[in-house]
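Written out below as C-alpha cells is the structure these notes cover.
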Amino acid sequence: MFDNDKVNSNNVYPSKYGNVSIKSDNNLISEIDRRWQRAKRGKQRIEQVMLNSMRAIDGEYSPEKLAALRSANSPEIFRMLTAQKMRELKIKILEIYLFSGKDTWTLIPTPIPQLPSDITEQIKAKAREVTINAAKLYQYQNNTNVNYDDYQQVLNDYEKELNQLVEQKINEIAKEASIRMKTKIEDQLIDANWKTVFKEVVDDFVKYPNAFVECPRIVKKKTASWVINKDGKYDLSVADRLCINIRRISPLDVYPEPDSNGINNGYLFIKEKITSEELSDFIGVPGWNDESIKRVLHVWSKGGNSENNTIDNERYRLENKNDLSVSDSEKLEVLRYLGNISGELLLQQKDVDITDTRKQYAVDVWSISGEIVKAVLNTDRLGNKPIHTTSWEPQAGSFWGKGAAELIADIQEECNTYKRTIIYNTNMASGPQVEMNTDRLDPSEDGEISPWGKYLVTSKQMIEAPAIRFTNVPLVVDQISKLYDKAKNEADEILGIVSFPGARLGRAAETASGMSIVMTDAAKGTKYSAASIDGLVAGVIGSIYQHNMMYDEDESIKGDMVAEINGVGSVVTKEQLSVRRGEFLVQVLQNPLAVNIIGLETTKKVLSEQARTLDMKEIADMIEGYQIPPQVQAGMLGQTPIQGNRTPRTLNVAGEPAGGAESNLFSGATK
C-alpha cells in the first residue's frame, strides 16, 4: 500500500487533452502549440507506414491502390501474408513470456550491495562481538588474562575473517530484500493487469515501428475486500486506493521531437482520450487547474469541435472496424507534453516551484487546445520520462525503428500480385477465347454461344476462314505458384521463421541432432530481433522498483538491486548452450578415453545437466540418484588402454562402421 500523502501530485493519474474551441493568449500554450505543429509534421511519413501496416494485417489495399485495381478491372484479392506472419511472431514471444511456466525476470542484489549505514554498523558490531567472545572463551579455557591490546590484536588477526563475515551478512540481507521486493512487484503487476497489457504491447511490437508503455502511472482504483462487522458477519468493503497502473500507448498517439533519437532525447507529445466525467474528477486534485477544467467542460457541453489530424478518420475506421468518424466520438482528446520549458514561461502556472527563470525545467503539461489543465515538474531525479519503448529492428540514431510488418511490405505486395495473376489466369484459361467471323454468320444470330449450340452461317468467305474459331489460353498457375512460394520463403527468412521443406535441409535432416541444429539456427533471427522486447520489460520492472524505493513504507523490501530479464534473449543463449552441450556429450559418450579421463561421476553430472536444460526434471533426478555399481567403476578403470589415437570399431555386414548417420557424423572424433 502507498502512503497517499507521500505520492507526489505528478504521479496522480493525469487528465486527457480535449481539443475544443477555446482560444488563449497564454505564452506557455503558444510555445507548446508551436512544438506540437512541428512534431506532427515530422511524423507524417511514419504515420503512413503505420497505416499501411494496419491495412496489410486487415487485408486491405490503400485507397489509391484499390482505385487503380478497379480501373484495370483486376481482382481485388488480398493474400493476408502479413497477418499470418505477425501471428506467428506473437505466438513465439508470448510462448516465452506468458506460457513457458518460468520466471521471465528476477531482481538480484548488485555485486557490492549497499545497505543503510545503521544496518551496516549493526552487522559490524555483531561481528566484533562474536570475535571478542571468542577471545574471552580462549581466556577462560586457558586460564589466562587477555588485556585490551590483546583483544585488539585478536581483532586485527581476524580482520579478514571479520570482513568476510560482514560481507556475507550484507549479501544475505540484500538477497532477502530482493526476494521481498520481487514478491511486491509481482503483486503490483497483477493489480496492473500486466499480462493483458503485455499482449497488446507485443501486438504493437510486431506491427508498428515502435511499441510504447507508460509505467508507473498512479491511479485511484476502487478495491473490494471482505471484513467482519460487529455482528460477526462478512460485509463487502469498498475503498479508493492509489496503485500502480501500466498503460499501453498506441504508437499512433506518440509524437516525438523530429530530430529526437530516443525517449529521453528531446520533447515528446502523447495523445489520449477520456470522457468528460473522468476529466471532472480532477477538479480539486493538486496540480490541476480547476478553472481551466471547468471552462473546457463548459465549451464541450456546448458542442466544442475536435481538431483532428488528417489520418484520424482512417485510423478510427481501421481500429474500430466501422464507418464512424472521429467526430462521432463522445470522448475528449488530451495532449500531454513531456519536455523542457523555460522557467520564465512556467512562472504563470500555479503549483510549479520555479527558482531560476533562465533555467530549463523538465515538465509534464496536460492541455486542452487553448487551456492548460495541468502543469507540474518532472520529479524523476534522473530526468527520465515514465515512457518505455522498443522496436523489432532499432535504427541507430533514430527515434523510430522498423516493425516486422514494414520489413515484408514489398513481399506482401509481390504476393498479392501473384495471387491476382493466378486468379486472372485461371479465369481466362477456364474456357476458350472465341473468334467469330460476322460476315459468315446469318443475320439472325446474336453471337451468343452455348454447349451443343447450332449456328446459322452463310457460304460467304467459305474458303477464307471458318465462321467460329476457338483459342485456348495456356494455364500457367504452376509457374506463378512457384514464384509465390519463393516470395513467401523470402518473407520467412527476413523474419527468421524459416519453413523446413526436406529438399532445402539436405543431409542435415537425416539426424535428430542435425535437424535440431538447423531449426535452432533458422529461428535465431526471430529471437535476436524479439530479444529487444526484453529491454522494455526491464524498463517496466526497473521503474516500479524505483517507485517502491521512493514511496513504499516497508523498509524490509528495499536494497541496492537490478532487474535481470530471462526472456527471449535468455532463451537464445540457453538454446545455443544446449546444442553445444549436446555435441560435447555425444563426443564423450562415444569416446571411452574421454569417459576414462573425466570419470563416470562427472559423465553422470553432464548427462543430468543436459536433461535439465531440456526441462526433463524427472530424468535428471533419476540420473543424479543412480548409484554406479562398483564393478562398473572398476571395469572402466581397468579398461585396456587405447592404442595410439584409434578405438576399435564395430563393422556391419557391409564392412562399414556400424551405427546410424548420427553415429557416423561424430565418428571422426574417435579416429
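General observations
- Selection count, region 41-71, where residues are surrounded by 16 or more Cβ atoms within 10 Å (Cβ to Cβ) and more than 28 Å from K85 (Cα to Cα): 1
- Taking first residues from region 468-493 that are at negative phi and in a strand (DSSP E or B) and partners that are modelled with pLDDT under 90 and surrounded by 14 or more Cβ atoms within 10 Å (Cβ to Cβ), the Cβ contacts under 6 Å between residues at least 6 apart in sequence or on separate chains come to I468/M436.
- Residues within region 241-266 that are surrounded by 15 or more Cβ atoms within 10 Å (Cβ to Cβ) and basic (K, R), tallied: 2
- Of all the criteria given as (1) within 33 Å of the chain's Cα centre (by Cα); (2) in contact (Cβ under 8 Å) with a residue 12 or more places away in the chain; (3) surrounded by fewer than 19 Cβ atoms within 10 Å (Cβ to Cβ), the one not satisfied by E76 is (1).
- Test for R45: is it modelled with pLDDT under 95 and within 28 Å of E257 (Cβ to Cβ): yes
- Residues of region 180-225 that are among the aliphatic types (A, V, I, L, M) and touching a residue at least 60 places away in the same chain (Cβ under 8 Å): M181, I185, L189, V201, V202, V206, A211, V213, I218, V219.
- In region 442-494, the residue that is nearest to K419 (Cα to Cα) out of those that are among the small types (G, A, S) and at pLDDT 85 or above is S481.
- Check on K40, among the charged types (D, E, K, R), assigned to a helix (DSSP H, G or I), at pLDDT 90 or above and under 20 Å from the mean Cα position of the chain (by Cα): no
- Any hit, region 220-240, residues being open to solvent by 50 Å² or more (accessible area, probe 1.4 Å), under 30 Å from N340 (Cβ atoms) and modelled with pLDDT of 85 or more: no
The values are calculated or read from the model by the stated rules, or taken from the named source; none is laboratory data. Owing to the predicted nature of the structure, the values given are computational and were not obtained by experimental measurement. Neighbour counts run over all protein chains shown; Cβ positions are idealised from the backbone, glycine included. Accessible surface areas use protein heavy atoms only, side chains included; no ligands, DNA or RNA. Shrake-Rupley method; radii C 1.70, N 1.55, O 1.52, S 1.80 Å.
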